[in-house]
Amino acid sequence: QDSRNQIVQTWVQVTQMGVDAFVDASEMTAWANDLRTGAPLADVELSLLNSQAAAVTGADGTAKLELPSQSSPLLVARKGDDVAILPQSSYSGGGWQRMPVQDELAWYVWDDRQMYRPG
């Protein structure tokens, strides 16, 4: 591809609400807080764009949402007139979605005799 014709997208948010999300294979835990004080925000309406997934944060600022099977590009948080968005990644076009659990191989190697010395 011609690098001179690539599209660059940028968004700017003006909000007093911070939003973060933690996911596993099927569920998202979202956390909303006040950026001025750091306090958790209750009653924030959370939704995944183009999905039925929705929840409202509790007193601790968190809420759980089931991940959809189809990709959703943004987590949207609303409290009154304040809105914040959170993409799944700022580096790729992927979205929030359910992912199948797969077996993975993990290695841990330890050498008690220090036979390997880098450099």
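Just a few scattered comments:
- Subset tally (residues that are outside any strand (DSSP E or B) and closer than 14 Å to Thr29 by Cβ) for the range 44-84: 7
- One residue stands out among those in the range 1-27 that are assigned to a strand (DSSP E or B) and among the aliphatic types (A, V, I, L, M): the one that is farthest from Gly58 (Cα to Cα), which is Val23.
- Among the candidates Gln6, Gln13, the residue that is more than 12 Å from the chain's Cα centre (by Cα), without any contact (Cβ under 8 Å) to a residue 24 or more places away in the chain and surrounded by fewer than 16 Cβ atoms within 10 Å (Cβ to Cβ) is uniquely Gln6.
- Given (1) surrounded by fewer than 13 Cβ atoms within 10 Å (Cβ to Cβ); (2) within 14 Å of Val76 (Cα to Cα), number of the condition Val19 does not satisfy: (1)
- Filtered by the rule that a residue be assigned to a strand (DSSP E or B) and more than 16 Å from Val83 (Cβ to Cβ), the range 33-43 gives a lone residue, Pro40.
- Filter result for Ala30 (within 15 Å of Lys64 (Cβ to Cβ), among the aliphatic types (A, V, I, L, M), in a loop (DSSP other than H, G, I, E, B) and in contact (Cβ under 8 Å) with a residue 40 or more places away in the chain): no
- The residue that is nearest to Arg98 (Cα to Cα), among those in the range 42-73 that are surrounded by 20 or more Cβ atoms within 10 Å (Cβ to Cβ) and out of contact with any Phe, Trp or Tyr (no Cβ under 9 Å at 6 or more places or on another chain), is Leu46.
- Exclusive hit being out of contact with any Phe, Trp or Tyr (no Cβ under 6 Å at 6 or more places or on another chain), surrounded by 12 or more Cβ atoms within 10 Å (Cβ to Cβ) and of a type outside the set (Gly, Ala, Ser), set Arg78, Arg36: Arg78
- Test: residue in the range 103-110 that is small (Gly, Ala, Ser), surrounded by fewer than 10 Cβ atoms within 10 Å (Cβ to Cβ), at pLDDT 90 or above and over 14 Å from the mean Cα position of the chain (by Cα): no
- Test: residue in the range 86-100 that is touching a residue at least 12 places away in the same chain (Cβ under 8 Å), surrounded by 13 or more Cβ atoms within 10 Å (Cβ to Cβ), assigned to a loop (DSSP other than H, G, I, E, B) and of a type in the set (D, E, K, R): yes
- For the range 37-65, filtered to residues that are out of contact with any Lys or Arg (no Cβ under 8 Å at 6 or more places or on another chain), in contact (Cβ under 8 Å) with a residue 24 or more places away in the chain and among the β-branched types (Val, Ile, Thr), the residue that is farthest from Val23 (Cα to Cα) is Thr57.
The values are calculated or read from the model by the stated rules, or taken from the named source; none is laboratory data. Predicted model only: the values in this text are computed from it and were never measured. Neighbour counts are summed over all protein chains in view; Cβ atoms, including those assigned to glycine, are modelled from backbone coordinates with ideal geometry.
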